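Before any comments, here is the structure.
Read-outs: derived from the displayed coordinates by stated rules, not from any lab. All values reported here derive from a predicted model rather than from experimental measurement. Here the Cβ is made from the backbone with ideal geometry for all residues, glycine too, and neighbour counts use every protein chain on show.
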There are 2 protein chains.
Amino acid sequence: MSKATIDDVAREAGVSIKTVSRVLNGEPLVRDATRDRVKQAIVALDYRPNASARRLAGKRTYLLGLVYQQNSSYASRVQAGVLDACRDRHYELLIHPCNEKGEALLGEIRELAASRRVDGLLLTPPISDGAGVRELLDELRVPSVVLSKADEGDAGWSVDTNDRHISRQLIEHLEGLGHRRIAYVRGHPDHKAMGNRYRGYLDGMAAAGLESMAAPVGDNAFESGRRCGKELLGLNPRPTAIVCANDHMAAGVIRAAHEAGVSVPGDLSVTGFDDIPLAGQLTPGLTTVRQPMEDMAHTAAQLLIDRVTNPGMENNAHVLDSALVLRDSTGPAPD
Amino acid sequence: MSKATIDDVAREAGVSIKTVSRVLNGEPLVRDATRDRVKQAIVALDYRPNASARRLAGKRTYLLGLVYQQNSSYASRVQAGVLDACRDRHYELLIHPCNEKGEALLGEIRELAASRRVDGLLLTPPISDGAGVRELLDELRVPSVVLSKADEGDAGWSVDTNDRHISRQLIEHLEGLGHRRIAYVRGHPDHKAMGNRYRGYLDGMAAAGLESMAAPVGDNAFESGRRCGKELLGLNPRPTAIVCANDHMAAGVIRAAHEAGVSVPGDLSVTGFDDIPLAGQLTPGLTTVRQPMEDMAHTAAQLLIDRVTNPGMENNAHVLDSALVLRDSTGPAPD
DNA sequence: TTGTAAGCGTTATCAA
DNA sequence: TTGATAACGCTTACAA
């Protein structure tokens, strides 16, 4: 049982294996009646094509590689989105969490492209922002799609969100709550998304006619948020709101506030970015921005499969919308 | 370039492809000098065996399937551990996050075993605790290893931690801090680990000569922790410590305490279990138990590959030790 | 200790 | 619109 091959199906349907193959791959030149007969045989025998044989014989591997930073808080959402797209198109996914940076990162990608024979590579930030990564992918001639903005002047294959715009909306939200002294905690300068978020802050402050405050730079991790928070809370006059480039740092700022005896959101409003699982479980719940990660990943994987399937395809850059998630870490400005 | 086959290597080394194959697979019957020559040729040509061809020709797929609950907080640690083991043994990993329960879950596993031809399956809790799952794996004859205790009376293939014992240590820690009224928030009754943790609590209370208190049952999620916390804080006399079966629920209890104006750890000590990333970033940092997830997953994958490679192998159940992680959510009992 | 030849289950080529 | 038949790059008998 459960070991039917294409030959069995061909025999059962009374056709050649090539015809079965045509049906399997949705090729057009098959008469409807024949196609039906083959499909029936497939069901009757519970036939499953052997992926290894298909890979060996075909030009493709039906394999996608997903490269992302290990311990990235959105890894599982990205995986879910990609897997969804893969299932629809009969692709499989090889995940490749990665710790390296710089040359070592490039080496890993090179190795990945060489040893595992994937049809295409999907990269997420901050990997996709790494110096030389895009160039390497071109050099290796591996079709790829990145989650993150394409480089300027490069209409590249990418899926992104409107970070800058939504970041500006965050400022408008705070301004509407009466905040005037709104500080910012910047993210790691190598991550492109972080730059966009900061620009959105500046946009929002300018649009509201407010003066932007000190904007210390963190490294995206909790501790750096704590440090920046401490620094900002030492200011005089103190900010009434601190906007952070991601949730981890926002958690750090909340910790710093707690340590300084500053109550959130009574004395201080805090916002994050990403809506990681932590955000809803902090006390107070964190006002943040939710990116449609599954959708982005799904879109990216579809795009990649399209690109692989259809080599002549045009460049394609998608932008999906993020959404504000209002929780309890933001409130009216203290008087 | 980069498309050398076994034939190229054989020619370069002046041997037959069979000899190359022997070297590749570490088979013993090759003279050292020959082996060296082959290895040199492999390096010289940057030869990479074609995994698809190997799968097709061999009896194995060199593929492992990892089935886990989608959005599980330890998914990435498990993946990392498994991938490590896979790399060492030239296996690859197909991940299979899963949302189903009951019959639907069994159907997914059945489908997975049928369609993707994996050599073996790795299951993590709570999937591995699902009713009928172990039986199905036996029926399907898919070699598998579970992360979670083997069933009683079944010396099965599993890797587990000493949850019960470490849970007891948690009680000893609290007792040492002067706590006498220590309540417990139980986890989802279908998850075996949850039962063990609760038993450890009972052990610890008995050993300390304390009377166990109300132990409301949650569903492992934040909200249920909040609900149970609220309930326990309404008790009179109120517990001075609440031990939770996992971190999510502990976060919920902290939220409940905050809402009730009860300070942590001043008025109330709270502990979790799992040391998810959230635990360190809560305010206050959560005292919890860290399981060696990467190690467990690594061990499980090694075990599975051994089992697959060596069908005659004996059952094997491993137990690895968890560790207490003391943070700021526990402190001296209030007087 | 090494080599020869026959698969493994598909897709691709080319003819019918 | 269909079908022989040859790849694809390895492993596995079976010989030598």
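Table for the structure above
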{"item": "Among B:Asn310, B:Asn71, B:Asn236: highest mean-square fluctuation, GNM of chain B, C-alpha pairs under 10 Å", "result": "B:Asn236"}
{"item": "GluC sites (Glu not before Pro) within segment A:254-335: DSSP coil, no more than 16 neighbouring Cβ in 10 Å", "result": "A:Glu314"}
{"item": "Stokes-Einstein translational diffusion, the protein assembly as shown - Kirkwood Rh over all Cα pairs, 0.692 mPa s, 37 °C, in µm²/s", "result": "119 µm²/s"}
{"item": "Net charge of neighbours whose Cβ lies under 15 Å from the Cβ of B:Val82, counting Lys and Arg as +1 and Asp and Glu as -1", "result": "-3"}
{"item": "Nearby lysines by direct alpha-carbon distance to B:Lys3 (threshold 23 angstrom, same-chain neighbours under 8 apart not counted)", "result": "A:Lys59, B:Lys18, B:Lys39"}
{"item": "Burial ordering of A:Val15, A:Val146, fewest other beta-carbon atoms within 10 Å first", "result": "A:Val15, A:Val146"}
{"item": "Relative contact order for segment B:173-265, counting Cα pairs under 8 Å that sit 6 or more residues apart, in percent", "result": "35 percent"}
{"item": "Fraction of antiparallel bridges per DSSP, chain A only, in percent to nearest 5", "result": "10 percent"}
{"item": "Proximal lysines relative to B:Lys192, as straight alpha-carbon distance under 30 Å, when same-chain residues fewer than 8 apart are discounted", "result": "B:Lys101, B:Lys149, B:Lys230"}
{"item": "Highest-MSF residue in chain B out of B:Val82, B:Val185, B:Val20 [GNM, Cα springs under 10 Å]", "result": "B:Val20"}
{"item": "Angle between chain A longest axis and helix A:222-233 axis [Cα atoms, degrees, rounded to 10]", "result": "20 degrees"}
{"item": "Share of Cα-Cα pairs in segment A:6-49 lying beyond 16 Å, as whole percent", "result": "18 percent"}
{"item": "Nearest-20 debye value, segment B:163-291 charge dipole, Cβ charges on Lys, Arg, Asp, Glu", "result": "140 debye"}
{"item": "Order of A:Ile95, A:Ile305 under a 10 Å beta carbon neighbour criterion, fewest first", "result": "A:Ile305, A:Ile95"}
{"item": "Pair B:Asn25, A:Glu27: separation of 7 Å Cα→Cβ label points (nm)", "result": "3.3 nm"}
{"item": "Low-density loop positions, trypsin sites (Lys or Arg not before Pro), segment B:134-214 - DSSP coil, at most 14 other Cβ in 10 Å", "result": "B:Arg141"}
{"item": "Label distances, nm, B:Glu100 versus same residue in remaining copies, Cβ-directed 7 Å point", "result": "3.8"}
{"item": "Neighbour-count ranking [beta-carbon atoms within 10 angstrom, fewest first] of B:Arg87, A:Arg227, A:Arg31, B:Arg77", "result": "A:Arg31, B:Arg87, A:Arg227, B:Arg77"}
{"item": "Angle in degrees between helix B:192-207 and the longest Cα principal axis of chain B, rounded to the nearest 10", "result": "40 degrees"}
{"item": "Principal-axis tilt of helix B:163-176 within chain B, Cα atoms, nearest 10 degrees", "result": "30 degrees"}
{"item": "Separation between Cα centres of segment B:15-42 and segment A:86-132, rounded to whole Å", "result": "31 Å"}
{"item": "Segment B:17-101 - percent relative contact order, Cα under 8 Å, separation 6 or more", "result": "25 percent"}
